[in-house]
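In what follows, a structure is listed as structure tokens, so that the remarks can point back to it.
The values are calculated or read from the model by the stated rules, or taken from the named source; none is laboratory data. Quantities reported herein were computed from a predicted structural model and do not represent experimental measurements. Ideal geometry is used to build each Cβ from the backbone, glycine not excepted, and the neighbour counts take in all protein chains shown. Side chains are part of the model used for accessible areas, which takes the heavy atoms of the whole protein and leaves out ligands, DNA and RNA. Shrake-Rupley method; radii C 1.70, N 1.55, O 1.52, S 1.80 Å.
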Amino acid sequence: MPELPEVETYKRYLDGTSLNQIIISVKVIDNRVLNIDESYLRKFVIGNKFKSSIRHGKYLLVNLEQDYLIMHFGMTGDLKYYNKKGDEPKFSKVIFHFENDFNLTYTSRRMFGRIDIAESIEDFIEKKNLGPDAYKMSLEEFKGALKRRSGIAKNLLLNQSFVAGIGNIYSDEILFKTKLYPKTKIDTLDESKIHELFTNIKEVLQVGIERKGDLSNYPNHFLIPHRKKDEHCPICNTGIERNEISGRHGFYCPNCQKKSP
DNA sequence: AGCGATGTTCGCCG
DNA sequence: TCGGCGAACATCGC
């Protein structure tokens, strides 16, 4: 489920369950989710503790004593903390077993997520070429990220090198709230629209985090409950349209989100 | 039973 | 060089 609000929810879940316990063992059920050798993962993790965690974009970086365990969740990743042996969740791929006999499992159905090790946050962000975190960035950072950028608004929001954390669903929601046609060229926006876009990125993600990334029960005036065929805009009742940009399909209101800004 | 899916990456092309 | 595009990855629920 993971865009930024979901990953933030996973972070808080991990922080609330799994910190400061010695990791006794690691069970790798499917090593395709590992970017590193199994033995290398063990070497860094076993006998260590998760000290704290940081989320950058859709990545969760868990601080070991020195290094970082990096988790990315792809489209179907999740974390579960559980005790009983029989409770091992479906799609578990890597399980961290703690001294108190509880386990934290990283699950992935479609195998798009990855687990990695990094020596520092800065190295990792640089290696992945990630932009500033969409939720934590300042207006100045956002404006900095926009410098020398062109292209259409939807693609830019999805581009993790521009700003990290926004995915397909939240990009649609942000564009909807800002009343921007998804293919609006970003360099045509004036200062006040840029500011509005920034504010809406924050507000939409804030709501997402408050709702723990659960998309199933959003207020009606959001686009999220209307992301399907034959739905109507909750603001103006125009039929919601669907288009495809760079292989992702998105939804928008052709009346609220007019082509020329 | 086929289609589609909240992500990333890579190669191609303009 | 950059941006847009499409494919590839892999799996399962609807």
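In degrees from 0 to 90, rounded to the nearest 10, what is the angle of the helix A:168-178 Cα long axis to the longest principal axis of chain A? Compared with the principal axis, the helix lies near 40 degrees. Overall, the accessible surface of chain A at a probe of 1.4 angstrom is composed of carbon and sulfur to the extent of 48 percent. If R0 is 41 Å, the Cβ-Cβ spacing of A:Asn48 and A:Arg148 corresponds to a FRET efficiency of close to 0.50. Summed over qualifying helices (DSSP H, 4 residues or more, each -39500 (n - 2.57)) and divided by its residue number, chain A shows a 222 nm mean residue ellipticity of -8500 deg cm²/dmol. In straight-distance terms, cross-link reach from A:Lys179 covers every one of the lysines whose alpha-carbon lies under 16 Å from its own, apart from those fewer than eight places away in the same chain; here that gives A:Lys154, A:Lys193, A:Lys202, A:Lys258, A:Lys259.
Volume per residue of the convex hull around the Cα atoms, evaluated for region A:85-133, comes out as 123 Å³. P(r) for region A:139-252, from all Cα pairs and a bin width of 10 Å, is 13, 48, 32, 6 %, short bins first. Output ³J(HN,Hα) for region A:87-101: one whole-Hz value per residue in order, computed from phi by the Karplus curve 6.51 cos²θ - 1.76 cosθ + 1.60 with θ = phi - 60°, and x for Gly and Pro. Whole-Hz 3J(HN,Hα) from phi for region A:87-101: 8, 3, x, 4, 6, 4, 10, 9, 10, 9, 9, 9, 5, 8, 6. Compared with the dominant Cα axis of chain A, that is its longest principal axis, helix A:191-210 is turned about 40°. Cross-link partners for A:Lys93 among the lysines, with Cα-Cα distance under 29 Å and sequence neighbours closer than 8 places in the same chain left out: A:Lys11, A:Lys27, A:Lys43, A:Lys49, A:Lys51, A:Lys58, A:Lys80, A:Lys84, A:Lys85, A:Lys127, A:Lys128, A:Lys212.
Of interest is the spacing of the C-alpha centroids, which for region A:74-92 and region A:181-196 amounts to 41 Å.
Each peptide among A:172-180, A:100-108 gets the average number of other Cβ atoms lying within 10 Å of its residues, and from highest to lowest they stand as A:172-180, A:100-108.
Between the alpha-carbon centres of region A:118-135 and region A:15-49 there is a gap of 21 Å.
The phi torsions of region A:7-17, fed into the Karplus equation with coefficients 6.51, -1.76 and 1.60 and a -60° offset, translate into couplings of 5, 4, 5, 4, 4, 5, 5, 4, 4, x, 10 Hz, rounded to whole numbers, with Gly and Pro shown as x.
Size descriptor for chain A, Kirkwood hydrodynamic radius: 19.5 Å (Cα pairs only, one decimal). Stretching the chain fully between A:Glu88 and A:Ser39 yields a gain of 15.4 nm (0.36 nm per residue, less the alpha carbon separation). Annotation: amide H-H contacts under 5 Å for A:Ala164 (H modelled 1.01 Å from N, sequence separation of 5 or more, or interchain): A:Gly131, A:Asp133, A:Ala134. Residues whose amide H comes within less than 5 Å of that of A:Arg55, counting only those at least five positions distant or on another chain, are A:Leu61 (H built at 1.01 Å from N in the peptide plane). Rolling a 1.4 Å probe over the heavy atoms of the protein chains gives chain A an accessible area of 48 Å² per residue.
For A:Val94, nonlocal amide neighbours, meaning residues 5 or more places apart or on other chains whose placed amide H falls under 5 Å from its own, are A:Ile29, A:Tyr106. Accessible area per residue (1.4 Å probe, heavy atoms of protein chains only) ranks A:Val28, A:Val7 as A:Val28, A:Val7, with the largest value leading. Taking 0.36 nm per residue of sequence separation and removing the Cα-Cα distance, the A:Ile194/A:Ile29 pair yields an extension gain of 54.8 nm.
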